[in-house]
Amino acid sequence: MVMTDTTNKNLAYLAMDDEYVNPVLARSARIVAHRAKGSYIYDMNGDAYLDFTTGIAVNNVGHCHPRVVEAIKQQCEQLIHTSVVTHHERYIELAKKVVEITPKTLNSAFFANSGAEAVEGAVKLARYVTNRPAVINFRGSFHGRTFMTMALTTSKLYYRENYEPLPGSIHTSMFPYEYRSHFRGDTKAVIKESLDYMDMLFHQFVSPNQVAAILIEPILGEGGYVPAPEGFIKALRAICDEHGIMLIIDEVQTGFGRTGKMFCIEHDNVEPDILIMAKGIAGGMPLSGFVSRRDITSKWLPGRHGSTFGGNPVSCAAALATIDVIQEEKLVERAATLGDDMQKRFKKFAEKHKHIGEVRGRGLMIGIEFNDENGEPSKEIADQVAAKCMEQKLIVLTCGNRGQVIRLIPPLNISDADAEKACEILEKAMTLK
Ligand SMILES: Cc1ncc(COP(=O)(O)O)c(C=O)c1O
């Protein structure tokens, strides 16, 4: 289609985008979203696209859920912003709510605007309170695009390249990524290899008594939708307890029902010292936060951290409505059962398709990893599958260190019919014919 096609209303806007928007902003789908509802995005032509991206794990309750929209409207009429000049009702109510739904020892909440900002705040808290400099992160992790979070991110080179120097005192340990490990098929050995690597770090790179925090995503997100195997995070908890290190769990992508639990760490039955949240918290409004224990946060003196917009009343009102919807519509349970069904289906499908290396994930956070004929990661196939889905108006994203994984992140309240439609499109796309 050429730019003179007057029937495609997206084109004029795409041309303006090309002219005025900073080209660093990469978009996956070259359509202009005009409106969205539930599981669908509508472009300027009125064409409907089934959304298996949820704005990267944000619209867990679907686009423009009426209860979230209503909460936003009401809050706008009442109070939009006061910043840290005053207390406000929605911040306090949301802090209480977040304490109620996170692991039971966590009881002190802070709100910010983006995932990266929340990670920065959590690391500041850990450093301040322990008075130690170092942070241990994991290979394949993604924590954001600010300088500190970029330094903590190793999912792909292009997030870091040409931005050096980055903040220091970060030591990268091995994530137990079984499928690409020499010990594939022996989960215990994969876990041991990772823990041995950390032990090596503690003997050759940094003393554990200089480590403020171990920071981990319970499922690598950007890094390929790789769940930490059972027992690994428990082992990290023990290391943290032994050395007085804080365990920080980054639930920016895994939170709010996505994995079939309200927070993914519940699968591991571990109490972190700090839990970071963002994305799915507020139905699409910008909001993030972290929750810790009062005995930790009471050592962080007032004013040592803050944010002008963080915990804005409108975003907090949207979050309160979003959490109500997740609880009342039983979306955690829905993610668990639909996610299980979809994984089983794709695992079965994979048996007959050699280029599908692994289907994995938890709840409605599912990754499908592709191989070339030599068993090496294949970005080419993942891109081809994503493109074929797009032709059928199903939007999916890729991830993984080489871009070799398709990630499925639909709304948790997607209908059975739409889930079925997406599975059929995906299966067709994955047959590669
Ligand atoms: C696990 C994780 N942490 C942090 C971030 C950064 O969030 P934001 O893009 O809101 O800064 C992301 C974003 O994808 C993420 O997936």
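Annotations
- Residue ID - nearest to the chain's Cα centre (by Cα), chosen from residues in the range 202-219 that are surrounded by fewer than 18 Cβ atoms within 10 Å (Cβ to Cβ) and not polar (S, T, N, Q): 205
- Put simply, of 95, 109, 126, 71 the only residue that is at pLDDT 95 or above, more than 17 Å from the chain's Cα centre (by Cα) and farther than 26 Å from residue 144 by Cβ is 71.
- For the range 193-213, the set of residues classified as in a helix (DSSP H, G or I) and of a type in the set (Gly, Ala, Ser) consists of 194 only.
- Residues that are within 12 Å of the ligand (Cβ to nearest atom) and without any contact (Cβ under 8 Å) to a residue 60 or more places away in the chain were ranked within the range 217-269; the one that is farthest from residue 186 (Cα to Cα) is 255.
- Qualifying residue in the range 127-141 (condition: crowded, with 24+ Cβ neighbours inside 10 Å, assigned by TED's automatic domain parsing to the domain that holds residue 298, away from the ligand (no atom under 13 Å from the Cβ) and in a helix (DSSP H, G or I)): no
- Pair list, Cβ < 6 Å and 6+ apart or interchain, from the range 300-312 residues that are open to solvent by 70 Å² or more (accessible area, probe 1.4 Å) to residues that are part of a loop (DSSP other than H, G, I, E, B): 309/113
- Just one of the listed residues (395, 425) is in contact with an Asp or Glu (Cβ under 8 Å, 6 or more places away or on another chain) and open to solvent by less than 30 Å² (accessible area, probe 1.4 Å), namely 395.
- Residues of the range 356-377 that are crowded, with 21+ Cβ neighbours inside 10 Å, among the small types (Gly, Ala, Ser) and either without any contact (Cβ under 8 Å) to a residue 60 or more places away in the chain or part of a strand (DSSP E or B) (or both): 357, 361, 367.
- Scanning the range 66-83 for residues that are more than 25 Å from residue 333 (Cβ to Cβ), open to solvent by 50 Å² or more (accessible area, probe 1.4 Å) and of a type outside the set (A, V, I, L, M, F, W, C) gives 73, 74, 77, 78, 81.
- Residue within the range 151-166 that is open to solvent by less than 10 Å² (accessible area, probe 1.4 Å), under 17 Å from residue 246 (Cα atoms) and not aromatic (Phe, Trp, Tyr) present: yes
- When residues in the range 66-85 are screened for being in contact (Cβ under 8 Å) with a residue 40 or more places away in the chain and in a helix (DSSP H, G or I), 11 of them pass.
- Residues within the range 91-102 that are open to solvent by 50 Å² or more (accessible area, probe 1.4 Å) and small (Gly, Ala, Ser), tallied: 0
- The range 114-125 residues that are open to solvent by less than 20 Å² (accessible area, probe 1.4 Å), paired with ones that are away from the ligand (no atom under 12 Å from the Cβ) and not in a helix (DSSP H, G or I) (beta carbon under 7 Å, 6 or more apart): 121/110; 121/305; 122/274; 123/135; 123/213; 125/274; 125/292; 125/300
- Some residue of the range 289-299 being within 16 Å of the ligand (Cβ to nearest atom), buried (at least 17 other Cβ atoms within 10 Å of the Cβ), within 22 Å of the chain's Cα centre (by Cα) and not hydrophobic (A, V, I, L, M, F, W, C): yes
- Checking 105, 86 one by one, the residue that is within 30 Å of residue 202 (Cβ to Cβ), in the same structural domain as residue 208 (by TED's automatic domain parsing), surrounded by fewer than 22 Cβ atoms within 10 Å (Cβ to Cβ) and among the hydroxyl-bearing types (Ser, Thr, Tyr) is 105 and no other.
- Unmet requirement for residue 254, which otherwise passes all of (1) more than 20 Å from residue 336 (Cα to Cα); (2) open to solvent by less than 10 Å² (accessible area, probe 1.4 Å): (1)
- The range 143-163 - residue that is assigned to a helix (DSSP H, G or I) and either at pLDDT 95 or above or within 12 Å of the ligand (Cβ to nearest atom) (or both) and, of those, nearest to residue 276 (Cα to Cα): 149
- Selection status of residue 31, touching a Phe, Trp or Tyr at 6+ places or on another chain (Cβ under 6 Å) and under 28 Å from residue 419 (Cβ atoms): no
- Cβ separations smaller than 9 Å between residues 6+ apart or across chains give the following pairs from the range 154-170 residues that are over 13 Å from residue 141 (Cα atoms) to residues that are open to solvent by 100 Å² or more (accessible area, probe 1.4 Å) and part of a helix (DSSP H, G or I): 163/147; 166/147; 167/147.
- Listed by position, the strands (runs of 3 or more DSSP E) enclosed by the range 3-65 that each have at least 3 residues that are open to solvent by less than 90 Å² (accessible area, probe 1.4 Å) and touching a residue at least 60 places away in the same chain (Cβ under 8 Å) are 48-51.
The values are calculated or read from the model by the stated rules, or taken from the named source; none is laboratory data. The structure presented is a predicted model; accordingly, all values stated were derived computationally and were not measured. We place every Cβ from the backbone using ideal geometry, glycine too, and count neighbours over all the protein chains shown. When the accessible area is computed, the model is the full protein with side chains, heavy atoms only, and any ligands, DNA or RNA have been set aside. Shrake-Rupley method; radii C 1.70, N 1.55, O 1.52, S 1.80 Å.
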